[in-house]
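A short worksheet on the structure shown next.
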Amino acid sequence: RNGGKNVQEYKGPREADGIVEYLKKQSGPASVEIKLTEDASNLIDDKKIVIVGVFPKFSGEEFESYMALAEKLRSDYDFGHTLDAKHLPRGESSVVGPLVRLFKPFDELVVDFKDFKPEALEKFIEESSIPLVTLFNNDPSNHPFVAKFYNSPNAKAMLFADLSTEGFDSLQSKYREVAEQYKGKGISFLLGDVEASQAAFQYFGVEESQVPLIIIQSDDGKKYFKPNLKADDIAPWVKDFKEGKVAPYVKSEPIPKENNEPVKVVVADTLQDMVFKSGKNVLLEFYAPWCGHCKKLAPILDEVAVHYEKDADVLIAKLDATSNDILDENFDVRGYPTVYFRSANGNITPYEGDRTKEDIVDFIEKNRDKTVHKESLKDEL
């Protein structure tokens, strides 16, 4: 927009109807004027967030601030502005503003705000547009709220349950009470239906037999989890989490019974022992089983591992980053393969060279701790 001065990322669905709807919104005004009750009815429905500015006149600092924010957030919300609140379907109809009225299809349905400072207004819109408890099921109209839940900077509490079972109402009621108790205290809450949550189960490494289960993912990526919980377990467990009394849950593949291949297999539960406490120089690949570049690198790492088979001070290893949590902050894994080298004396270096046996061996030789073998010989003597 504006000759390239304003650029926004498209975050909508990857299908034609969604892209067309997005483009129509982008081509019109950021905020539409509501002159009649019919205009309000066309804009405001019971499935989406709509923001309307009520003003005594369409000028002044508040109006300009509102229109600038509507332009900034037009991809995410529908905006309107009016001189008469009587046209609007909900809320006090006698107000003259300036105020911002947010309509939503959940919780209190309508909420007003009078601070037009850009940061405060944007924060109000973002916080008000997330339900007290976000519902994650197969209804597409809930998906925008689920996306907002996952994009929130808060810790994320997720209760997964079979929504059709007897006793679910009690579970939901207690969960909502807890969400109300922690509103504005850095935790967002989601209720996920088992049927719709299979991808989440796979991601977190949990089983359907463990529902009802609650998972909290903190902003540092750590996960805390309690399976097979009852309604009365929710409040004390969340309280324990807030007080730091719950240990993080680490997703790990089982420790291999045999680990005889040249490239050794590391899992989350063996990362400390095999990499940090082994006293060895370790080249560790973080890979994904479906990754084509990882498959090309595999035989090369095998060659490197064979090269070092008789060198007790060097270990070549791999870790499936899709099936194991990586809690160590030294490893920044954002794509596959990612390769790190940890020398025996603790230096950690990412490998960013060419993916050939010769280059990898040269890199190891330059970065390895050369004193290890001497010390181990001294210990033996």
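For chymotrypsin sites (Phe, Trp or Tyr not before Pro), the sites in the range 249-324 that DSSP calls loop and that have at most 12 other Cβ atoms within 10 Å are TRP290. When the alpha-carbon atoms of the range 264-367 are used, the pair Rg, Dmax equals 12.5, 33 angstrom. Dipole magnitude for the range 13-129: computed about the Cα centre from +1 point charges on Lys and Arg Cβ and -1 point charges on Asp and Glu Cβ, it is near 160 debye.
Distance between the modelled labels on LYS114 and GLU177, one decimal in nanometres: 3.5 nm (7 Å Cα→Cβ projection). Projected label points at GLU329 and ASN2, each 7 Å from Cα along the beta carbon direction, are separated by 3.7 nanometres. Values of log10 I(q)/I(0) for the range 1-128 across q = 0.13 Å⁻¹ run -0.53, by the Debye formula with one identical scatterer at each alpha carbon and no solvent. Quick check: from the Cα gyration tensor, does the range 133-243 come out rounded (a/c under 1.5), prolate or oblate? Rounded, since a/c falls under 1.5. Restricting the calculation to alpha carbons of the range 58-147 gives Rg and Dmax of 14.0, 44 angstrom.
Apolar share of the accessible surface for the chain: 49 percent from carbon plus sulfur atoms, 1.4 Å probe.
Inter-label distance, SER41 to ASP107: 2.9 nm, where each label sits 7 Å from its Cα along the C-beta direction. For the chain, the square roots of the Cα gyration tensor eigenvalues, ordered a ≥ b ≥ c, give a/c of at least 1.5 with a/b greater than b/c, which places it in the prolate category. Among ALA40, ALA161, LEU284, which residue has its Cα positioned farthest towards the positive end of the charge dipole of the chain, with +1 placed on the Cβ of Lys and Arg, -1 on the Cβ of Asp and Glu, and the dipole taken about the Cα centre? The Cα lying farthest towards the positive end belongs to ALA40.
Averaged per residue, what accessible surface does the chain expose to a 1.4 Å probe, in Å²? Mind showing how you got there, number by number?
On the way: 21290 Å² over 381 residues.
Using a 1.4 Å probe on heavy atoms only, each residue of the chain averages 56 Å².
The values are calculated or read from the model by the stated rules, or taken from the named source; none is laboratory data. Source: prediction; values computed, not measured. Cβ sites come from the backbone with ideal geometry, for glycine too, and all protein chains shown count toward neighbours. Heads up: the accessible areas ignore ligands, DNA and RNA and are worked out on the full protein's heavy atoms, side chains in. Shrake-Rupley method; radii C 1.70, N 1.55, O 1.52, S 1.80 Å.
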